[in-house]
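Worksheet for the structure shown next.
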Amino acid sequence: MRYQNPNMQERIAEVLPLRLHSDHLPSVIEHLALYVGIAVFQWSLTEIAFLYVSEIVVINILFPTVALFAADPVETLESDHWREETQPRTLRPVQWLPPIYSRNLKLAGKYAVFAFIFVILIPLTALSEFSQNTPQSLLTMSTLMAIGGICLAQLRRVYQEFVSNQQYQTRSPAEALRFGVIPLLEVLMILLCVVVPITVILVAGMFATGIDAIESQVVLWAYILPIGVVRVYVRGAEWDFTFTKGGIQL
C-alpha cells in the first residue's frame, strides 16, 4: 500500500516560495505571448517596452475607475468619520451603474495625478527619448492585437476581483488602487534586478572578449527571460500597500 502524507503539499509550498499557482498563471501566459511576438513578429526591445507601458496604462485606467464604486472605507483615511455617517454621499450619473461614493473621488483624483506622472508622462517620455520610433509607429497589427489581449485580460481581472457577486460593495477603493501600484513596483524591480545587472554583464563581457557588438536578438532574450521571472514573482506575491494622507506606503 502506497503511503501518502496529507501535509506533503503544504511542506513543498513552504520550501518553494516561488511556486506556480492560479495567481501566477496570467503572468506566465502574458509573458509566453511576448515570446511568440519576439519569435514570430520579430518584436524589438522598444516594442516590448511599449507593450509593458500599455499594460500599465490599461491597469491604471480600469482599477482606479472601479475604485469609485467601492463601498468600504480606507482604514487609514478617515474611516471613523466614514462609519459615523448614516448615509454616505453618493452620485449616480448613470442609473444602470452602481453609485459612486463622493469620498472616493478625492482619493481617486490624487491617484490620477500620481498615475499620470509615473504611468504615462515619464514612461512615454523615456520611450521617445531612447527609441527612434514614435508611439504611433509602434502601433502595428501585431502590437494592436497584443494591446487588445491586454485589455481583455485586465477586464477579466476587474470582473473577478470586484464585479463578480458585487464584491465592490465589500471592498475599499484602496484595494482597487493597489492593482495600479503593483505594476510600478514591478518596473522598479525589473530595472534594479534585471536591466542594470544584465547591462553590466553584457558590457563587461564585450570588453573582456573584445566583441564590438552583440546580436540584437541575443540581447533581447538576455533581458526578456529574467524579466519574466520577476513579473511572475511580483504578480503572485502578497504586497501590503497603505494609503495615507501623505501618500502611499509599502
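Scanning region 167-211 for residues that are without any contact (Cβ under 8 Å) to a residue 40 or more places away in the chain and in a helix (DSSP H, G or I) yields a total of 21. Note on region 136-160: residues that are in contact (Cβ under 8 Å) with a residue 24 or more places away in the chain and of a type in the set (D, E, K, R) total 1.
Of everything in region 29-55 that is acidic (Asp, Glu) and in contact with a Gly (Cβ under 9 Å, 6 or more places away or on another chain), the residue that is farthest from Thr143 (Cα to Cα) is Glu30. Only residues that are exposed (fewer than 15 other Cβ atoms within 10 Å of the Cβ) and at pLDDT below 90 were counted across region 170-184, and they come to 0.
Tell me, which helices (runs of 4 or more DSSP H) wholly within region 1-82 include 3 or more residues that are more than 18 Å from the chain's Cα centre (by Cα) and at pLDDT 55 or above?
Filter on region 1-82 gives 25-40.
Those helices (runs of 4 or more DSSP H) of region 83-161 in which at least 3 residues are within 23 Å of the chain's Cα centre (by Cα) and modelled with pLDDT of 85 or more, considering only elements entirely within it, cover 102-115, 141-158. Restricting the first member to region 88-114 and to residues that are of a type in the set (A, V, I, L, M), and the second to residues that are part of a helix (DSSP H, G or I), the beta-carbon pairs closer than 6 Å and six or more apart or on different chains are Leu107/Pro173; Ala108/Pro64; Ala108/Ala67.
The values are calculated or read from the model by the stated rules, or taken from the named source; none is laboratory data. Values in this document were obtained by computation on a predicted structure and should not be read as measured data. Reconstructed Cβ throughout: ideal geometry from the backbone, glycine too, with neighbour counts over all protein chains shown.
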